[in-house]
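Novice: Have a look at this one.
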């Protein structure tokens, strides 16, 4: 009498990380599916063509690769130790990520057009649904690079795409979070850091909105700044709550299995991007107040005791100083999570590549961007060096993930068969 394999579990009972969890499942008895070139001819499954397999089981986790490649291009383009060849390389990498975003968007939409039942299966799966947050974040990398390359000339494209991204970010953040309450039945062992992914989308959207804020016409800046601050606050509050839950899981149960150890990098995402965003927002708030409130208005409405321009400037600079303080607070916590993540990665390294490995690249990339911005604000060589080292690591990890994705997702079927195990598990 054999013990039922984990693949026989229902959608709500399966391990929560997409593909990554499937790798763990495979390690417990399903390796013949992942490793065999004729796995799709298993008698228990209908035979599918190369393309149909990739459409039907196209996981939203693939958008994490767009995030990783896109943030790598952005890091190289804005590298703290500037070089023209790095800018060119960053543009090339961004163009690749833009092509990936287009292809993946078509595949993702085709999945639900051709196989409508897959939508609810994906939404009910506690792993695949959380990776929906990668979609708006992937779009943000495109907006960032449009700003970096075209500057003022690209403000309208950035503005339109950003508002579209605001809707997507809120839909994934609030929608997926509520679906966790109703559709997902998580045990304590199923609590992992992938829960944070939909939350980070609003933090990234807020930072993107303030990145090109200076280029937007003055009459549009007030609303945009307010929306960015509210998105940032929403994301940070939810992120700290979810990180607290994950810390409880680590303390009460212990470290996640090797197949999920990469997810320990995900808490760095809202911290790194949050620090980057608050530095931009505080600077924008200072400029907005200086322009909106002339001396007389500021004296009468805001700080009646201020009587000269010097005092007025000191008052508005308070926001910039507050932003630096909050950013240092977030980055200090991010350093802790990086230590935890790298320590766990060294102690229990994953046994095989999974699409979830892309979850390492973007959080570390946001940390590199945040420390780079801090280096500018404080004129600190130390922060620029930290950012430079982090940026190189992101590019190296991205290259590793690209090679693994090509091997297991383009040449082989392993990644898509793992996704198949998640939404259409075999009945035992």
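FYI, it's all coordinate maths here, none of it is from the lab. These numbers were taken from a predicted model, which means no experiment stands behind them. Note: ideal-geometry Cβ built from the backbone for every residue, glycine included; neighbour counts use all protein chains shown.
Novice: Measure off 7 Å from each Cα along the Cα-to-Cβ vector at residue 86 and residue 51, then give the distance between these two points in nanometres to one decimal.
Specialist: The modelled label-to-label distance comes out at 4.2 nm.
Novice: While we're looking at this one, here's another question. Between residue 318 and residue 187, what's the calculated FRET efficiency when r is the beta-carbon distance and R0 is 41 Å? Round to 0.05.
Specialist: E between residue 318 and residue 187, to the nearest 0.05, is 0.30.
Novice: Follow-up question, since we're still on this one. Relative contact order (percent) for the range 65-419, with alpha-carbon contacts under 8 angstrom and 6 or more residues of separation?
Specialist: 19
Novice: Over all alpha-carbon pairs of the range 112-167, lay out the pair-distance distribution in 10 Å bins, whole %, shortest bin first.
Specialist: 21, 34, 26, 16, 2
Novice: On a full-extension model of 0.36 nm per residue, what is the gain between residue 252 and residue 113, subtracting their alpha-carbon distance, rounded to one decimal in nm?
Specialist: 45.8 nm
Novice: Tell me, 125, 184 in order of fewest to most beta-carbon neighbours within 10 Å?
Specialist: Taking fewest neighbouring Cβ atoms as first place, the list is 184, 125.
Novice: A further question on this structure: Cα gyration tensor of the range 65-419, axes a ≥ b ≥ c as square roots of the eigenvalues: rounded (a/c below 1.5), prolate (a/b > b/c) or oblate?
Specialist: It is prolate, given that a/c is not under 1.5 and a/b is the larger ratio.
Novice: Moving on to the next point. How much length would be gained if the chain were fully extended between residue 178 and residue 351, taking 0.36 nm per residue of separation minus their Cα-Cα distance, in nm to one decimal?
Specialist: 59.0 nm
Novice: In what sequence do 213, 174, 248 fall when counting other Cβ within 10 Å, fewest first? Don't jump to the answer; show the numbers that get you there.
Specialist: Details: 213 24, 174 15, 248 12.
Lowest count first: 248, 174, 213.
Novice: In what sequence do 177, 172, 78 fall when counting other Cβ within 10 Å, fewest first?
Specialist: By the 10 Å Cβ count, ascending, the order reads 177, 78, 172.
Novice: For residue 157 and residue 96, compute 0.36 nm times the residue count separating them, minus their Cα-Cα distance, and round to one decimal in nm.
Specialist: 20.0 nm
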